[in-house]
Amino acid sequence: KIDEKPIEEVASAAQKAEQELEDAGKEASNFGDYLKAGAIIEGAKGLVSTLKDVSEETKELNMDLSRLDQNAKDSGVSIDSARKAYKDITAQFGETDSAIEAVSNLMQAGFTESNLQKAVEGLSGAALKFPDTLKIESLADSLQETIATKSATGQFAELLQRLGLDTEKFSEQLAACSTEAERQNLALRLLEEQGLNETSKAWKKNNEALYESNQTQAELQEQMVEIGELVMPFATKITNVAVALLTWFNNLDSGSQTAILALIAIVAATGPVINGF
């Protein structure tokens, strides 16, 4: 009679070995999952950080340009004309917020397609001629108020004084105008007769490289704003993936969480060494 005990032992050992192999397979699979999860989390964090940086860096300018565009629509000015005026001022003075404020003030004063650029040129010349005291955005603001009240005021009145002109006489001329368009033309004619438009043109000619460089920088900033708008939905999706992964991690038992954290630490520590081979 054949002794069945050795056969049973062999069968038992084989079954145990099979179970151990199965467990090992599971562990290997879990290890791979942990590795993938760690890599995805770290990759997602890096990508989200980059996208958020682009978004944050362009957020303020994006808001300012959207305000400029809305002011252009409200004033009946094309966005292209408003943006062109904004970039012209930015290229001369290097301050985007001042440029946006100045163009917005001029559009609110009623300067439109035909005379907006002339106003920008004349006031830019004034700010270039008297850089220590006159600011482009303040000049535009005071010109808006001057046209509205029919009386020279603020930095526009100061400009007249610095040019040696009679502010009261100019205010009387404004009051004699019957329409806003006539008052605008009176102000534009004064700026041109005083050679301020030529001052702006001469500065651009004498500083051509700087002007073109600043223009290019302003255009680059506009493109970055558009990129920021494009990547925000994608950044949101990536953030949602990261949230899902972290939620999955938080729902694991403490032993699995410890294993993943240990694995990530090992990969971080050995990564430079492995890459050296």
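The accessible area of Asp253, taken with all protein chains in place and a 1.4 Å probe, comes to roughly 90 Å². Solvent-accessible surface of protein heavy atoms, probed at 1.4 angstrom with all chains present, puts Ile79, Ile136 in the order Ile79, Ile136, largest first.
Modelled label positions at Asn250 and Asp166, each set 7 Å beyond Cα in the direction of Cβ, lie 7.6 nm from each other.
Taking 0.36 nm per residue of separation and subtracting the Cα-Cα distance, full extension of the segment from Leu186 to Arg67 would add 40.0 nm.
The equivalent ellipsoid of region 105-149 has semi-axes of 18, 13, 6 Å, largest first, where each one is the square root of 5 times an eigenvalue of the Cα gyration tensor. Is the C-alpha gyration tensor of region 158-208 telling us rounded, prolate or oblate? Criteria: a/c under 1.5 is rounded; beyond that, a/b larger than b/c is prolate, otherwise oblate. Oblate, because a/c is 1.5 or more while a/b does not exceed b/c. Were the residues from Thr216 through Thr179 laid out at 0.36 nm apart, the gain over their Cα-Cα distance would be 9.5 nm.
Taking the protein heavy atoms of region 55-125 in the context of the full set of protein chains, the accessible area attributed to carbon and sulfur is 42 percent at 1.4 Å. Accessible area per residue (1.4 Å probe, heavy atoms of protein chains only) ranks Leu65, Leu252 as Leu252, Leu65, with the largest value leading.
Based on protein heavy atoms only, region 99-160 ends up with 33 Å² per residue of surface accessible to a 1.4 Å probe. Kindly flag which residue pairs out of Lys150/Lys201; Lys59/Lys204; Lys87/Lys204; Lys87/Lys135; Lys73/Lys135 have an alpha-carbon separation exceeding 18 Å in this structure. Among Lys150/Lys201; Lys59/Lys204; Lys87/Lys204; Lys87/Lys135; Lys73/Lys135, the Cα-Cα distance tops 18 Å for Lys150/Lys201; Lys59/Lys204; Lys73/Lys135.
The values are calculated or read from the model by the stated rules, or taken from the named source; none is laboratory data. On a predicted model such as this, the values are computed, not experimentally measured, just so you know. When we count neighbours, we look across all protein chains shown, and the Cβ atoms used for this are built from the backbone with ideal geometry, even at glycine. What goes into the accessible areas is simple: the full protein's heavy atoms, side chains included, and nothing from ligands, DNA or RNA. Shrake-Rupley method; radii C 1.70, N 1.55, O 1.52, S 1.80 Å.
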